[in-house]
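Below is one structure, written out as structure tokens; comments come after it.
FYI, it's all coordinate maths here, none of it is from the lab. Being a predicted model, the structure only gives us computed values, none of them experimental. When we count neighbours, we look across all protein chains shown, and the Cβ atoms used for this are built from the backbone with ideal geometry, even at glycine.
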Number of protein chains: 2
Amino acid sequence: MNKTNIVIIGLGHIGGSLASSLKKVHGNKVSIVGIDQSKAVINLAKQSNLFSEVSTLQKSLKLKSAHVIFVATGICDMDKLFTDIGKISFNNKVVVSDVGSIKVDIFKQALKNLPKNFDFVGGHPIAGTEKAGFKNLVTGLFSKKPVFISGIRAKRGSTLLIKTIWESLGSHVYSVTPEKHDKIFAYLSHLPHVLAFGLKNISNKNLTKKEILKYGGTSYKDYSRISDSSEELWTEIFLSNRKNLISGIKDFRKYLNKLEILLKSDSADKLKKLLKS
Amino acid sequence: MNKTNIVIIGLGHIGGSLASSLKKVHGNKVSIVGIDQSKAVINLAKQSNLFSEVSTLQKSLKLKSAHVIFVATGICDMDKLFTDIGKISFNNKVVVSDVGSIKVDIFKQALKNLPKNFDFVGGHPIAGTEKAGFKNLVTGLFSKKPVFISGIRAKRGSTLLIKTIWESLGSHVYSVTPEKHDKIFAYLSHLPHVLAFGLKNISNKNLTKKEILKYGGTSYKDYSRISDSSEELWTEIFLSNRKNLISGIKDFRKYLNKLEILLKSDSADKLKKLLKS
């Protein structure tokens, strides 16, 4: 990779970890501008010494020299951000990418709001945890993790650049269509989160806090870890991928119905078969 | 603990780990007889050098000297086992205990099938994993794990003995009624397993195996670990605790209904509130 000017908009857990991981691998061969709306986060990021500048989008001086922009904000903020980015006259040809957990909606917004002279290469690193915020950044978070390239309106070179950046961090890069991406993650990530949030809700209604803390075994603890994720983030993800998710929820309700019938009719063999399937 | 003759019936993951953990802590102060129906398991157990005898229930010679019997078989086998144990003339006063995941049913069976001169102290160590079988035994499995004493028809000394045995292995011992136990675990263990089995079922229907293996993130992997548990065991547990479990499943269906309505009506604030609750 040649000397590359990278802008990261949104200095949360993913944005912060991306900055730190890039610096660790590439040192002075990358210059990173960090953009955030929160004063507290800006101050924290300044102390990290990862960035050549940390600022708001409006006040940044170095933004215009960007080669690559990673949008790492919540999904709801992306619409307006793409519009704002589209209005800036950059010094170089710029590639815009993102790290959002859903791809159909984000790609639509990018196509609508980014003028045609901007290349867009959607991305989604599968590396989030229940942690949030710049203060919890993890250097090397993306190493050996899958990253999806999904939703592309770009020259081949721009797509290759985004791919190369992730691979330089040790990620395994896959390309899929946004539609396929969102279907896969409805089942592998969004539905699992629905179930974990649901279990928390229902246990809290039926048991005391003390009982849950004292008696929860390994399986319950795995669920708690998942349901400790930010409600803010997951509300956005669930709504953005609601078509696929509703279809997953319907499947799940059917499964629960079937299970209930087998429990009521004491059908051990059929129950075993259902659990195995 | 004085020199104690312990019999473990059912040399699976829990029975095997119990034998190995007892030997590690107490050495020659305990003598353990291992009972199983499977020839293969008996041979494996003989090689472990943990037991003074390994045999079937029918052929055991040392069984009669037992002070304590732990029944560590599947729930469905316990009914008959209690009857068989009840017919043996032991040399000492004997305390019968178990390690089953549900307590109402097991306690009922014990009351019905064990003659009154047998003390019964039900137990449930919360230490199972997705592993199964004697070959996967873990020495120290019960250290720092909760153990429930639940369902007691015994003299105080017998209850104390069972409690002392578990505490000697580092377990935290709690006493609750069988009814309370089964309600708690419907929500903290059985329902989580229902959800994990359900997620596996639904993902397998909607995605290819390759997609699941390749793209499953941390949250999906936690579920897979749980749903790798034995269908045999969980069919028994689900059926034995069906009343509580059906009530949990009903709650869960209601939760999914509510979530679906909020997704359809795009109510971000209400959705966030539901996830937080």
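Brief remarks on what is shown
- Each residue, residue A:43 and residue A:89, gets one label point 7 Å from its Cα in the Cβ direction; the gap between the two is 3.7 nm.
- Positive dipole terminus of the protein assembly as shown, leading residue within A:233, A:89, B:195 (C-beta point charges): A:89
- Helix B:242-264 vs. chain B, principal-axis angle (Cα, 0 to 90°, nearest 10): 20 degrees
- Highest-MSF residue in chain A out of A:188, A:263, A:161 [GNM, Cα springs under 10 Å]: A:263
- Position residue B:52, label points 7 Å along Cα→Cβ, spacing to each other copy in nm (shortest first, one decimal): 7.8
- Other copies of residue A:108: label-to-label distances in nm, shortest first, labels 7 Å along the beta-carbon direction: 5.3
- Angle in degrees between helix A:191-206 and the longest Cα principal axis of chain A, rounded to the nearest 10: 50 degrees
- Spatial extent of region A:181-276: Rg and Dmax, with the Cα atoms as the point set, Å: 15.5, 42
- Calculated FRET efficiency for the pair residue B:111/residue A:112, C-beta based, R₀ 56 Å, to 0.05: 0.20
- Assuming charge only on the beta carbon of Lys and Arg (+1) and of Asp and Glu (-1), the dipole of region A:4-176 about its Cα centre is about 340 debye to the nearest 20.
- At 7 Å out from Cα toward Cβ: residue A:264 inter-copy label distances (nm, ascending): 2.3
- Counting every C-alpha pair in region A:122-188, the share spaced more than 21 angstrom apart comes to 31%.
- A simple charge model with +1 on the Cβ of Lys and Arg, -1 on the Cβ of Asp and Glu and nothing else charged puts the dipole of region A:37-116 at about 240 debye relative to its Cα centre.
- Whole-percent pair-distance distribution, where bins are 20 Å wide, for the alpha carbons of the protein assembly as shown: 20, 42, 27, 11, 1
- Cα shape, region A:4-176, gyration tensor, a/c 1.5 rule: rounded
- In this structure, the residue pairs whose Cα-Cα separation is over 30 Å, taken from B:87/B:131; B:59/B:135; A:205/A:258; B:135/B:254; B:155/B:180, are B:87/B:131; B:135/B:254.
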